[in-house]
Amino acid sequence: MQPIAIFSIVDASFRRSRGLVTIATNAAERLRPLGEADPGREVLPVRILQVGAGNFLRGFADWMVQRANDAGVLRHGIAVMKATPRPELVTGRLTEQAGMFHVVLDGVRDGRPFSETTLVTAVQSVVDAYREWDLCRDLMREETLSLVISNTTDAGIVYTPDDLSAAPPASFPAKMTALLHERWSHFAGDPRRGLSFLPCELIEDNGATLRSLVVRHAREAALAPQFVDWVTEHCRFYDTIVDRIVPGLPEPEAAELRASLGFDDRLIVRGEHYADWAIAGGPAIRDEFPLDRAGLPVRFMPDIRPYRERKVRILNGTHTAMAAVGPLLGCHTVRDAVQHPAVGAYLHHLLQDEVLPSLPSEDPEELRQYTTAILDRFRNPALHHLLADIRLNALAKWRTRNLPVVLDAWSQGRRADLGIFAFACLLTSYAGAFGEMPVRDDETLVAGLRSGFDATHPDRWIADFIASLDWPELSDTATAARLTAETGAHVRALLANEPAHALQTLLAGHEAKSP
């Protein structure tokens, strides 16, 4: 099969083994200082398979690998795999730019704003799982490969029945099962050829969950028990939590950056300088991937659960809520939402009245300081973080980031109407109640929301939709009934009045309770 996304900087042994074509010369000419004509660019062995090529992975994981390479701590090349069938421009542009792009990070140091730019050259190849599955399988035969880093969003590490013989299987866990089986077969079960997985998806126990799904797919496909043993004993799945705000870049700002850099870089990533990567692992993964030895903000620890819960509920949960509520009041960016009088007040009460009480802490003051720092990061004037981007797969995000806060509040005898209000805003906007908005979410769920929508009798619509959700958290009848009733009340308020009025009424109750 003729590859569309492998360029000449691919590791030489891999290129020779497949007779891969090189990238078109004119692509290098468009970025002449960055392309193949650059004699100083080092060809790196492919040690990392990266599943996903979005802003976050490029501005976080790729940036870290590049910095560690530059420091001489690593010598790691990255193969990027496009793992979804959705059309997108990033992987094609990565090929055109020979895998290179700039990461621009903005921060504050000693009270003064600063900007730092890094040219990422670690990406060695790009493959499309839906057009080049044979090349994805061939990557598994590379002796140098040792790590898999992924970000398939909160909806990526889930179980769905799949066919491992498909080219490719549909889900991310099934793809990994098939690819690992290819590696196991090729290396005859060599225990030294197991891979280490560092999933960046923001779900609880992301590494352990991915491992369990790989094993489940293997057993359902009746793969050899020896393969399952190899996966469980010689592949390592680490739980991780990641933190850096990496928004999209609006074109006028991108054009200015291209002009200042002097390169026609169509993949510039802009983000905040702050970053943190916590990995639940000890000396083995630290020796294999010693990013901290390059001075990077990576921590290896035995248990990341308390840190994960705090970060996901405060930062990511607030992102999800503002992306549900903010657009209904005219907000387009995170900064718009935080600075909007009503939406900003909503976020303040969401954090103070619902999120923080759900987090056990031996130091409440430290927790408040962490929350204040998060809000300051949201206000970063250099970042243009679109709420429309945060709404990607928002139903799954609300389930993993906001629903746990709701359930904890109920178990403690408290209400959680602010979190449920965000859910109601999400459902009504998805249904088109307030005009057309971009929706990028589970197509089946969205179709069900829209087909059953009835603005005059919303209670039945809400009840039917919540009953259709295959969420284990709602297996308890009383819990599902309460979520249905409280969501329905907010939906009725939203439909009976303008969203701004419904929000003001909700906030009035919380303002009255404030000291």
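Has region 422-439 got at least one residue that is among the β-branched types (Val, Ile, Thr), more than 22 Å from Asp476 (Cα to Cα) and at pLDDT below 95?
For region 422-439, residues among the β-branched types (Val, Ile, Thr), more than 22 Å from Asp476 (Cα to Cα) and at pLDDT below 95: present.
How many residues are in a loop (DSSP other than H, G, I, E, B) and more than 12 Å from Met322 (Cβ to Cβ) when one looks only at region 366-404?
Qualifying residue count for the region: 8.
Please give the strands (runs of 3 or more DSSP E) falling wholly within region 78-170 in which 3 or more residues are within 20 Å of the chain's Cα centre (by Cα).
Numbers: elements: 101-109, 112-120, 123-128, 147-150.
Ranges flagged: 101-109, 123-128, 147-150.
Pick from region 451-472 the residues that are assigned to a helix (DSSP H, G or I) and of a type in the set (A, V, I, L, M, F, W, C): which of them is surrounded by the fewest Cβ atoms within 10 Å (Cβ to Cβ)?
Ala467
For region 428-440, check the following and say yes or no: at least one residue is surrounded by 14 or more Cβ atoms within 10 Å (Cβ to Cβ) and closer than 26 Å to Asp353 by Cα.
yes
Out of the residues in region 385-415 that are within 21 Å of Val338 (Cβ to Cβ), out of contact with any Lys or Arg (no Cβ under 7 Å at 6 or more places or on another chain) and of a type in the set (A, V, I, L, M, F, W, C), state the one that is surrounded by the fewest Cβ atoms within 10 Å (Cβ to Cβ).
Ala388
Taking Thr209 as meeting all but one of (1) over 30 Å from Gly295 (Cβ atoms); (2) of a type in the set (Ser, Thr, Tyr); (3) not in a helix (DSSP H, G or I), write down the number of the exception.
Thr209 satisfies all of (1) over 30 Å from Gly295 (Cβ atoms); (2) of a type in the set (Ser, Thr, Tyr); (3) not in a helix (DSSP H, G or I) except (3).
Which of the following residues is more than 21 Å from Gly156 (Cβ to Cβ), in contact with a helix residue (DSSP H, G or I) (Cβ under 9 Å, 6 or more places away or on another chain) and surrounded by 15 or more Cβ atoms within 10 Å (Cβ to Cβ): Leu202, Leu267, Leu213?
Leu267
Being part of a helix (DSSP H, G or I) and surrounded by fewer than 20 Cβ atoms within 10 Å (Cβ to Cβ) is the filter here, so list the residues in region 228-253 that pass it.
Residues satisfying the conditions are Val228, Asp229, Thr232, Glu233, His234, Glu251, Pro252, Glu253.
Yes/no per residue for (1) more than 21 Å from the chain's Cα centre (by Cα); (2) buried (at least 21 other Cβ atoms within 10 Å of the Cβ); (3) not in a helix (DSSP H, G or I):
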| site | (1), (2), (3) |
| --- | --- |
| Ile279 | no, yes, yes |
| Ile285 | yes, no, no |
| Pro306 | no, no, no |
| Glu309 | no, no, no |
| Gly317 | no, yes, no |
| Val325 | no, yes, no |
| Arg335 | no, no, no |
| Ala342 | yes, no, no |
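Can you tell me which of (1) under 19 Å from the mean Cα position of the chain (by Cα); (2) assigned to a loop (DSSP other than H, G, I, E, B) is the one Asp264 doesn't meet?
(1)
The values are calculated or read from the model by the stated rules, or taken from the named source; none is laboratory data. None of the values given here were measured: they were computed from a predicted structure. Note that each Cβ is placed from the backbone with ideal geometry, even for glycine, and that neighbours are counted across all protein chains shown.
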